[in-house]
Every structure is written in C-alpha cells, then in structure tokens.
Amino acid sequence: MPGITREEVAHLARLARLELKSEELDHFAGQLDDIIGAVARVAEVADQDVPPTSHPLPLTNVMRADEVRPSLTPEQALSGAPAQEQQRFKVPQILGED
Amino acid sequence: MTVTEHVSLVPYEDALATYDPVMGLEVHVELGTRTKMFCGCSTELGADPNSQTCPTCLGMPGALPVVNAIGVESAVKIGLALNCEIAEWCRFARKNYFYPDMPKNFQTSQYDEPIAFNGYLDVQLDDGEIFRVEIERAHMEEDTGKSLHVGGATGRIQGASHSLLDYNRAGIPLIEIVTKPIEGAGARAPEVAKAYVAELRELIKALDVSEARMEQGQMRCDVNLSLRPHGRTKFGTRSETKNVNSLRSVERAARYEIQRHAAVLNSGGTIIQETRHFHEEDGSTTSGRVKEEAEDYRYFPEPDLVPIAPARAWVEELRGGLPELPRLRRKRLREEWGVSEHDMQSMLNAGAVDLITATIEAGAPADQARKWWMGELARSANETSTDLAALPITPAQVARVAELVTAGDLNDKLARQVLEGVLAGEGDPDTVVEKRGLKVVSDEGALGTAVDEAIAANPAIADKIRAGKVAAAGALVGAVMKATRGQADAARVRDLILERLGAQG
Ligand SMILES: [Zn+2]
C-alpha cells in the first residue's frame, strides 16, 4: 500500500486553493494515509469474485417525473450563507482563474 | 491579462498552404425540461435570483438527487439522432473542482460511461457537399450557477473584490456532445465547424428537446483547434476557445486560430495548451487559463445515484419516433417549394422554415408563404430586433392574407398594409381590411373609367403602345394605380390598357 506523500497533499491543496504550511503537509499526509489505509482493509476482505461496486443496492433507472416541486424561498436559500448581497450568495474574490 | 494581445496573423491562404487544421467541437445543450436534472426546481428563465433552488441543487448535506426521466429520454433521443450507440448500462460521475459556481464542489456528469457514443452527423456545406462529422460521445450533466463579479472593471473577474452567486441555473440538465477530431476539411474547416453547429441546432430543435437558442446560452460551443504540417499524422498542440455563442462566431474563431497558430509555428514558437476567450467585436481570441497541470477533476462514480440502463425495447421505441432529419426535410421542402439551396439557407438563417411550412399547411401557396415571411415580415422583425417567430402574427393569418391576394381581393401593396395592421394589433386580416377599407377596385366599370382617363391624359405613351412598344404600358399602369390609390389589381389594369390600345401582351 503506497503511502500518501506530502507532494500529493501539496497538489490537492493547490487544486483546492488552500495554502498549507510545510509542517501541515506532513501532518495531513500522515492523517490521510491512516484514513486510506483503514478503508483499504475492505479490499483485503473482498474476494476475487466480488466486483467493485459504486452502489450497495442492485437497482437501476430510479427516476422521477419532470414535475415542478416547490423550491425554497430566496430567504430560506440564503439563510445559511455567511454573506449575501443583491439576493445572491456573496463569496470572496475568486483566485486562479484567467 | 489584457484584452488586446499583440499577435501577428498569417494570411489564411498561407496558413493552409503549410498546415492542416484539426478541430474538436464540444457543444453544450441546455435541455428544455420543466425541472432540473436532479431535483424538482423549476428551470423557468428570468426568475428572481435564488428563487429556484432547494437543498439538492444547493448541495446541502444529506440532500439526495433523483434523475429527471425526461432528461434521460432527451439524451437517448439526441444520441439516436446522432447515429450513436446507446449504453446498455452507465453511471453518473462526480467531476470535482473548487469554484463557487457549483455549490456542491462538484458537477454531476458522466465520465468513462457516457449514455451515447460512436456516432456521426452529416452536414451540408454551402456548395451542397456533404461532410461527415464523427461523434465521440454525448453525455448527461448539469449546468452551473451564474456568477456576478463585483468591484472590478466591466464585471470581469480580474480585479473583482468579490463575487455574487445565483444558483437558479445550477442543476439545469445539459447534454454535452463531443466530436472526434475533425480532419481533412482543410481550408473549409471553419465552414465545417459552422455547418456542424447549425445542423446540430436544427436537429435539437426538430427533436423538441431544447429551443437551442445560442443567443440565450441554451447552446454553447467550445472550438478546439490545432495545426500540423501537411503530411504529418501526429496532432499539434491545441487551443480551446470557450463559449463561442453564435454560428458566425464559431466560423470566425476557427479561422482566427488557424491564422494565429500558423504565425506562432512559423516563427519557431510553440503553441501552449490553454483555454482562450473569443471576442465578438473583432473576431479575435485572447489567452485564458494555461493548463500547466493536466486537468485533475478526480472523477469517481456518483454514489448517490443508481446506474441508468436504458431498456432496448424503449430505445427502439424512441428510435421509431425520431423526426425526419432536418437536412433531409430541407431537401424535401426545397423540392416541394421549388427554391434554390441558397434561398433555403436564407430561410433557415431567418428561422422561417417552420413558419413557412405552417403557413402552407394553413392553405397558402408556397411562393406567397415564402414571399411574405422573407419579405415584409422579415423586415419588420429586423427593424424591431425580434425573432420572426415572436412577431404578433400567426401562420394562419398570413395564409388568410395570401388567400385574399390569390382571390384578387388584395394586391401586394394592400397585402403589405394588411400585414402591417395585423402586426400593429388591429386584429385579423379581415378586420384590418374592413377597418382600413383596403379592397382592390375590382369594379370593372370604375377601373375602365380610370384606364380611359389615363390613356387620354398620356396620348404620347398611348401611341407608343399602339405602335407595339408594350413595355411603355408600365407608365399607364402606374397612373391608374395612383388614381385608384393602389387599390387595383395591377395585372388586370395592364390587360385592360393593352386591350383598349389593341396591343398584344
Ligand atoms: Zn433544486
């Protein structure tokens, strides 16, 4: 089981636009490694005849009719937003585009 | 990044003398479903900001998506119309990225299991040649929210202090249609790109899955382009020009990129893989985001949705219900209406084909239906900057005007006034005729008197006609039309004049 390297954590941090300090990279690399290691034990238990699966239920084609259901009011929708302006979610300056 | 880049362009013909263009076109179509792809929020345009959202499309913890059946059906229809294979089983995937236009931090899309793949679309070029564009895949996904960048210049993201998000659009069903590399088009590559998007738009409209209005962003095109020297098989590095949103722009963007790539390559430079923005004003593109790292969206199967497995019988049922392909329909109509390829193209560009068809179905002769929609009505639409279809007049009303003309009750000039009256909201054609007193003077007695007076008033012209110069009759017809304030049938007037002067028409 290959460990999570600090380079991988740095890459993820870059994608997420997170600034991590050098010691944080080591810290998170260790933590992520533990988590992934724990989940990876499932693969050890699974036999050759168990196919990889993305959903526990053997269902397909669960769909709904194209019928409008009531939405939240804008007030409800925005009630959890840290900041709002012009009835819109206000977010800090977007970085790293263009 | 400034809007103007100082780039030299190679003349188009010179670029083509050295290089072959290779294109890839990615088109996003917003479906016309009533609700979003994964929740029951309305997709109606023009609503108040954030009035069409719910826990699912806002990405609240614990909210679960459920697939819109019509979204899937539309995807299968599009796939079938593009001659694609339809997956027997496929899944949705999460495309992870960190940008606030998706509150979930991912877009629900499809990755390596698209619902439709391996198809083609035959498109017709201006000279009638058919060019086959191969389709890589068509997959289902969802639209993003709309951002408003505040504090910078002209709403641009650069220099903005913060951004405002409206999530009404987040979750609206999208179908992304991706071509295989389009090779072998040579100098006609920009024309092929335009013809492909035009044909696709017609197809989507014919399937009735979206109105596909490019100016409203219901259909958006990315133009990927690279050049390679003649004789090489390896593709060059491509640029990706994003959101090119009109047919004309698609053609211009491809042309510009061919000239720009050639200039960079000729001067010994290398093309960087990057996204570019297209500018309507001068047809140029400028650099956007450089893809220094390979795209890293960390796709994985969407665990909150179960797979889609379109039953074969259902797929065949949908195939059986597909409409006539637009290109074949146009060919049939062209023969029925007796018009040239060029005329058909103008009608297509004006959005008049369906209106003319409906007018003919309502009883009008083809030439009249075409004449009014492409003449008087197209002019009116142009002047008011509205779509032909949005004019306050119905095909049935135009057909009634045509009927009055055929019956000799109206001449062309009066018919135009009737159309004008209908557009002005004065009522049905018959009401306008009644109110404005617009009827051709068909009373032979009154018409005869007007003809006699015109002959008496213009003896020199009358003599010419008597001597066989039939063409001179036009002047007398004009005099009679003036005397009857245009309310006479010009052809009948001409006959009467020639008859009285003993000349042969
Ligand atoms: Zn919703």
Exercise. How much area per residue is accessible in chain B when the probe is 1.4 Å and only protein heavy atoms are counted (Å²)?
Worked result: 45
Exercise. Cα extents of region B:309-401 along the three principal axes, largest first, in whole Å?
Worked result: 50, 28, 25
For this session: State, to one decimal in nm, how far the label point of B:Asn118 lies from the label point of A:Gln87, with both points 7 Å from Cα in the Cβ direction.
Result: 5.0
Problem set entry | Evaluated at q = 0.11, 0.14 Å⁻¹: base-10 log I(q)/I(0), Debye formula over Cα of chain B | -1.03, -1.41
Exercise. Picking from A:Ala81, A:Ala43, A:Ala16, which is most flexible by a Gaussian network model of chain A using Cα springs under 10 Å?
Worked result: A:Ala81
For this session: Per DSSP H run of at least 4 residues, take -39500 (n - 2.57); add these up for chain B, divide by its residues and hand me the 222 nm value, nearest 500 deg cm²/dmol.
Result: -11000 deg cm²/dmol
Exercise. Which GluC sites (Glu not before Pro) does region B:105-198 hold that lie in a coil by DSSP with at most 16 other beta carbons within 10 Å?
Worked result: B:Glu129, B:Glu183
Exercise. According to the Kirkwood expression over distinct Cα-Cα pairs, how big is the hydrodynamic radius of region B:435-505, in Å?
Worked result: 12.0
Problem set entry | Estimated inter-spin distance, B:Thr406 and B:Asp452, nm [label 7 Å along Cα→Cβ] | 3.6
Problem set entry | Reachable aspartates and glutamates from A:Lys90, criterion Cα separation under 13 angstrom, eight or more residues apart if same chain | B:Asp101, B:Asp166
Problem set entry | At R0 = 22 Å, FRET efficiency that the Cβ-Cβ distance of A:Leu18 and B:Ser161 yields, to 0.05 | 0.55
Exercise. Which residues in region A:53-90 place their backbone N less than 16 Å from a point set 7 Å from the Cα of B:Ala47 along the Cα-to-Cβ direction?
Worked result: A:66-79, A:87-89
Seminar exercise, completed: Buried by partner chains in region B:9-52 (accessible area down by at least 20 Å² vs chain alone, 1.4 Å probe, heavy atoms, protein only) are B:Arg34, B:Thr35, B:Gly40, B:Ser42, B:Pro49, B:Asn50, B:Ser51
Exercise. Could you state the principal axis extents of the C-alpha atoms in region B:251-366, from the largest down, to the nearest angstrom?
Worked result: 62, 47, 22
Seminar exercise, completed: Carbon and sulfur atoms account, in whole percent of the 1.4 Å probe accessible area of chain B, for 49
Seminar exercise, completed: Listed by chain and number, the lysines with an alpha carbon less than 30 angstrom from that of B:Lys439, same-chain partners under 8 positions apart left out, are B:Lys371, B:Lys413, B:Lys482
Problem set entry | Per-residue average of Cβ from other chains inside 10 Å of B:298-304 | 2
Exercise. Going out from 0 in 5 Å bins, what whole percent of all Cα-Cα distances in region A:1-47 drops into each bin?
Worked result: 5, 22, 26, 19, 12, 9, 5, 2, 0
Exercise. Once you sort the root eigenvalues of the Cα gyration tensor of chain A as a ≥ b ≥ c, which label holds: rounded (a/c under 1.5), prolate (a/b larger than b/c) or oblate (the other case)?
Worked result: oblate
For this session: Over 25 Å between C-alpha atoms is what I'm after, so list which of B:Lys205/B:Lys234; B:Lys95/B:Lys242; B:Lys194/B:Lys242; B:Lys95/B:Lys180; B:Lys242/B:Lys331 land there.
Result: B:Lys205/B:Lys234; B:Lys242/B:Lys331
Seminar exercise, completed: Distance in nm between B:Asn243 and B:Lys413 label points, each 7 Å along Cα→Cβ, equals 5.2
Exercise. With each run of n ≥ 4 DSSP H residues scored as -39500 (n - 2.57), what mean residue ellipticity at 222 nm is computed for chain A after dividing by its residue count and rounding to the nearest 500 deg cm²/dmol?
Worked result: -12500 deg cm²/dmol
Seminar exercise, completed: On complex formation of B with A, accessible surface lost, both sides summed, probe 1.4 Å, nearest 100 Å², amounts to 4100
Problem set entry | Apportionment of accessible area to carbon and sulfur, region A:1-47, percent (1.4 Å) | 59
Seminar exercise, completed: Nearest-0.05 FRET efficiency for B:Glu281 and B:Asp428 at R0 = 41 Å, using Cβ-Cβ distance, is 0.40
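The values are calculated or read from the model by the stated rules, or taken from the named source; none is laboratory data. Here the structure is a predicted model, which means the values were calculated and not measured. Here Cβ is always computed from backbone atoms with ideal geometry, including for glycine, and neighbour counts include all displayed protein chains. Side chains are part of the model used for accessible areas, which takes the heavy atoms of the whole protein and leaves out ligands, DNA and RNA. Shrake-Rupley method; radii C 1.70, N 1.55, O 1.52, S 1.80 Å.
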